[in-house]
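> Structure incoming, see below.
Bear in mind these aren't lab numbers, they're just calculated from the coordinates by the rules spelled out. Values in this document were obtained by computation on a predicted structure and should not be read as measured data. Cβ placement follows ideal geometry from the backbone for every residue including glycine, while neighbour counts extend to all protein chains displayed.
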Amino acid sequence: MNKSTSGGYIKGLGKRANAVLSILVLLLSTCMILPVVLILVISVSSEKSIVEKGYSFLPSEWSAGAYLYIFKNAGNILRAFGVTFAVTIVGTILSLFLISTMAYVISNRYYRHRNILTVGVMIPMFFSGGLAASYAVNTQLFGLKNSYLALILPIACSSWYIIVMRTYFLRNIPEEILEAARLEGASEFRLYYQFVLPMSRPILLTVGIFEAFSYWNSWYENLIYTDSAHSELYMLQYILYNMEKSASYITSNENISGAVMGDVPTQSLRMALASLIILPIIIVYPFFRRFFVRGLTAGGGK
């Protein structure tokens, strides 16, 4: 039975089944979109409205106070945007290089140690040395402290993505092409660069999107590898995290005057910070959606 899709319908299913399936997908999409809409609405709601009506799609009073509070630190936020953008671009490129090269090595049937390396790659997926061990290794052995490398290298390589990319290489890169190139005298690096990478764009873009999101949402590296004397290295998430933490401290401290507390839109501020985090991702994602879907489904077979 042909299960291919055409015009949004699955061939082989009746009209009623397709209608039910479309309704279910629509309901599921609505359930995913509504929380994002609610976050945006609350971020422009007044504190008075939130206190009176709670989290509502129709606030009694609108206010941009949360965003005005955020942009009082516009200089720091813009600098953090620049740092985050640079770290995301460089980190994603480095991650793709490290992941794809390792995945190619352990997918190469002619490499005698590939099984041992595969086991070595999989061990971190199940066991971790812990925060103290990783901090000691990164700071004392590699000297990753108060530098851009400290924001990039600790999360630059993922065992999971290596295994995913290895599986893609094994299932979707024709061995006949690589074998023919080997007979022509092509080196392994040339095979990787000239043949494997061009045929692996879907999985490279998929892994790249996930890695970019990981770097974009990163703040923990700032917390443990950057001290307050190097605030120029603060990424956007860490700046916003500190702002939310400061606002929560002000509202919970009884020694702070009521006038100061009144200037801090605590509830709407949290949602405004979340909006600043997710909006760039929402804007960028549609441009890469088709590659993302192809990368997720391409590993299903040759």
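> Only Cα pairs under 8 Å and at least 6 apart count here; give the relative contact order of the range 65-300 as a rounded whole percent.
Contact order relative to length: 33 percent.
> Next question, about the same structure. Looking at the range 10-111, which chymotrypsin sites (Phe, Trp or Tyr not before Pro) are in a loop (DSSP not H, G, I, E or B) and have at most 12 other Cβ atoms within 10 Å?
Numbers: sites: Y55, F57, W62, Y67, Y69, F71, F81, F85, F97, Y104, Y110, Y111; in loops: Y55, F57, Y110, Y111.
Taking the range 10-111 and a limit of 12 other Cβ atoms within 10 Å, the loop chymotrypsin sites (Phe, Trp or Tyr not before Pro) found are F57, Y110.
> Ranked highest first by average number of other Cβ atoms within 10 Å, how do 147-159, 176-188 line up?
Numbers: 147-159: 18.5, 176-188: 12.5.
Those peptides, ordered most packed to least, come out 147-159, 176-188.
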